[in-house]
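The values are calculated or read from the model by the stated rules, or taken from the named source; none is laboratory data. Just so it is clear, the model here is predicted, and its values are computed rather than measured. For neighbour counting, all protein chains shown are included, and Cβ atoms are generated from backbone atoms with ideal geometry for every residue, glycine included. Ligands, DNA and RNA are stripped out before the accessible areas are found, and what is left, the full protein with its side chains, is counted by its heavy atoms. Shrake-Rupley method; radii C 1.70, N 1.55, O 1.52, S 1.80 Å.
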Amino acid sequence: MNFSLGEIDALSRKAARGAGYPWGLAEEAGRAVAWLCHKGLDGCGAFVRVLNRNLAEDLKTHQPKALGHHMEGVGILCPITAGSTLSDLSAELNVAPITFNHVAEPLLMLPFAWNVAKSQDSSIVLSMDGKDFLIAPNGSFDVSDIVAEASIVSVRLQDFVVSHATQKTRATPKASDLDRLNAFAAQTYAPATAASRRLGAGSDLSDND
């Protein structure tokens, strides 16, 4: 099955909410997953693996805290909170690189790095455990073999010419990832009551007495 990028954005946002992320971060997550799918990358799979870690249950533990230009948390860093922090601190890259300690699914930081590249009008280098990945302001990138966890993610500005990557207009998540996203999204629905079941879709009953 394939889906529009808007559908993937909406489903990922709802799944994030169901997992316990606040609205602002859920919206960031939806946009990030859709961006990755647009670039032909497995954003849905990466996000499902993040949701399966249940990081949102104690999000403060997995949020980056600044020690100068070095960011670390009590536990493994959530890539959505790390990416949002990167966006907030983009101007600091003009001073020095920013590093993040122990990040889960760093693929999900790429959309945030692209936003920084646009705002700085400069290519961004994400170095994940010493391996460099390039993202240009126009959305072009050179990315392959991104790990599921990175001990150190370093972000810096650098002038590079990056070739255009193929872009997609639809997303094709794995059936298992789609099932997990829908399961998390279902947690945002109000629990059924006897009255709501009785007055469910297709019912000819009315609740107007």
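What is the ratio of the Cα radius of gyration of segment 1-97 to 2.2 N^0.38 Å, where N is its residue count, to two decimals?
1.12
Computed with a 1.4 Å probe over protein heavy atoms only, the accessible area of V74 comes to about 120 Å². Once the 1.4 Å probe is applied to the protein heavy atoms, segment 14-119 comes out at 37 Å² accessible per residue. Calculated FRET efficiency, S4 to E57, Cβ-Cβ distance, R0 = 22 Å: about 0.10 to the nearest 0.05. Annotation: amide H-H contacts under 5 Å for M71 (H modelled 1.01 Å from N, sequence separation of 5 or more, or interchain): T99, F100, N101. Each residue, Y189 and S87, gets one label point 7 Å from its Cα in the Cβ direction; the gap between the two is 2.9 nm. Remark: spin-label model distance K65-A148 equals 2.8 nm, labels positioned 7 Å along the Cα→Cβ axis. The label point for K131 and the one for N94, both projected 7 Å from the Cα toward the Cβ, are 3.3 nm apart.
For segment 53-70, 3J(HN,Hα) computed residue by residue from phi via the Karplus equation (6.51, -1.76, 1.60; θ = phi - 60°) reads 7, 6, 5, 5, 5, 9, 4, 4, 5, 10, 9, x, 10, 7, 10, x, 9, 10 Hz, glycine and proline entered as x.
For segment 67-122, with all protein chains in place and a probe radius of 1.4 Å, 52% of the accessible heavy-atom surface sits on carbon or sulfur. The accessible area of H70, taken with all protein chains in place and a 1.4 Å probe, comes to roughly 50 Å².
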